[in-house]
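Every read-out reported here was derived from the displayed coordinates using simple, explicitly stated rules and does not represent laboratory data. Only a predicted model underlies this, so the values are computations on that prediction, with no experimental measurement involved. We place every Cβ from the backbone using ideal geometry, glycine too, and count neighbours over all the protein chains shown.
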């Protein structure tokens, strides 16, 4: 017979605890891909997972705690993969392909970034910033310095931030991308999209500083002049 907590009547079997946690996390990820975080209810999470709703507070304190745990899990998986990128033949391209694969697979994460994290003043948004952008801010500039002509620390940081923006923007502004620019989800999943971003980014990074265009203003009219 399965052992239970004599006070609360809750399972103490480690395997069952682990299984129930995994089911709740998987259900949270699935529901997040379907609807906004704010619209997800405890009842829906319980129904989708087949786990008693009381287990959410037992394991995670509340709904927010469950999604914090989900972000932790996603971050651990993501940055475990990141560690292997530096050993690939083309680390920048591999990074681009990895991030695109993650965003294409986890549609809910892009929605969460856009709808929940823009204000940056909740526990969930603070956890996200700590688990993803802050880690990337320490990792990507070094990747840029090692694989482009950029040597300056600040310029590498600017370039890294630009690359992340290139990658994330089409996902968090999905409706604009689809309706105004008619770029489909399928196109973002294609190798040609990854190649497009890679080419644009590397072109900008590998143009020597003394040949980059300089913008001149003459009589309130902008013109470009390439320095020789």
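Backbone N atoms of the stretch 28-44 closer than 13 Å to the 7 Å Cα→Cβ label point of residue 62 belong to residues 42. Counting beta carbons within 10 Å around each of 143, 166 and listing the fewest first gives the order 166, 143. Distance between the C-alpha centres of the stretch 66-82 and the stretch 147-188: 21 Å, rounded to the whole angstrom. Our summary gives the stretch 8-60 a relative contact order of 36 percent, counting only alpha carbon pairs under 8 angstrom and 6 or more residues apart. What is the stretch 29-151 by shape, rounded, prolate or oblate, if you read a ≥ b ≥ c off the alpha carbon gyration tensor as root eigenvalues and call it rounded for a/c under 1.5, prolate for a/b larger than b/c, and oblate otherwise? Prolate is the answer for the stretch 29-151, as a/c is 1.5 or above and a/b outweighs b/c.
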